[in-house]
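The structure appears right after this line, and notes come after that.
The values are calculated or read from the model by the stated rules, or taken from the named source; none is laboratory data. Keep in mind that this is a model prediction, so the values were computed, not measured. Cβ sites come from the backbone with ideal geometry, for glycine too, and all protein chains shown count toward neighbours. Ligands, DNA and RNA are stripped out before the accessible areas are found, and what is left, the full protein with its side chains, is counted by its heavy atoms. Shrake-Rupley method; radii C 1.70, N 1.55, O 1.52, S 1.80 Å.
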Amino acid sequence: MLRTLVCLSLFWITTFSFATAFANEKDPSSLGELQFSDQFERDESVPGKEEVGEGWTTNSPWRADGNQQVDLVDGAIHITRYPTADHGVAVFHPVDFEDGAVELRFHLRKGDQLGIDFADKQLKTVHAGHLFIVKVTPTSLILQDSKTGQMNLKNRERIAAGDKSPELKKLLDSKRFKAPLNLTPDKWYTLLMQVQGDTLTVSIDGKQVGQFKSEGIAHPTKRHISLAVPKEAWVDDVKIWKAK
């Protein structure tokens, strides 16, 4: 009898653990139509030449005097800011959705950061078309509405003019969400960012770590993403889905 109870307990524990793990995994079919997928299983035609391929471009030509900042290594991209670059690295790829999702694998060293910036460069009311951004470090997650926050041209003018009013601070604070993370440096993680209307939901390894509602997220035309790297990051297995 005791053996039977133990076996049943183990069965239910195993079943519950499997069901929980399965529930935490997002069904790709629920994310929409897969628009793009890249596993970076290729090499540059010339060693030392920045040649990401598959529609990717970077800001290296005008920010790093053409020096290589993105390297194809062992089926991934290693992004490293060139010592004399006057800006962090940006690695661009076109997208085309209103609602959709972006997934990628990444790993960071202690103190590093990876940003995934969603933009529409045809939008002229914000700096460089910035709509919203996801920023990940080993210790924190930041979700930020750039369109109606600090990248809005009118708000940027106020900031540049030294406006420190409580009203502006309250506005900018309302456009930003921050949550703690506890990621192991130099370990690979899977990051999923899902956009639905004015809501941005972020998961790491199948677990939701943040959700943020803000009007800038609902901008109807997301035209490109950029991987924004201030210092160094590794990225692999990028997928983009369109739901609407």
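Numbers below:
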| item | result |
| --- | --- |
| Residues (open to solvent by 70 Å² or more (accessible area, probe 1.4 Å) and touching a His at 6+ places or on another chain (Cβ under 8 Å)) located in the range 58-114 | Arg63, Pro94 |
| Hits in the range 187-244 - residues which are under 17 Å from Thr139 (Cα atoms) and of a type in the set (A, V, I, L, M) | Leu191, Val202, Ile204, Val209, Val229, Ala233 |
| Hits in the range 173-208 - residues which are surrounded by fewer than 17 Cβ atoms within 10 Å (Cβ to Cβ), in a loop (DSSP other than H, G, I, E, B), among the charged types (D, E, K, R) and over 14 Å from the mean Cα position of the chain (by Cα) | Asp186, Lys187, Asp198 |
| Tally, over the range 211-225, of residues that are closer than 17 Å to Glu54 by Cα and open to solvent by less than 10 Å² (accessible area, probe 1.4 Å) | 1 |
| Failed condition for Asn24, given (1) at pLDDT below 95; (2) in contact with a Gly (Cβ under 6 Å, 6 or more places away or on another chain); (3) surrounded by 14 or more Cβ atoms within 10 Å (Cβ to Cβ) | (3) |
| Residues satisfying the stated conditions in the range 154-172, i.e. part of a helix (DSSP H, G or I) and surrounded by fewer than 11 Cβ atoms within 10 Å (Cβ to Cβ) | Lys154, Glu157, Ala160, Pro166, Glu167, Lys170 |
| Selection count where residues are of a type in the set (S, T, N, Q), over 21 Å from Thr84 (Cβ atoms) and open to solvent by 60 Å² or more (accessible area, probe 1.4 Å), scope the range 31-57 | 3 |
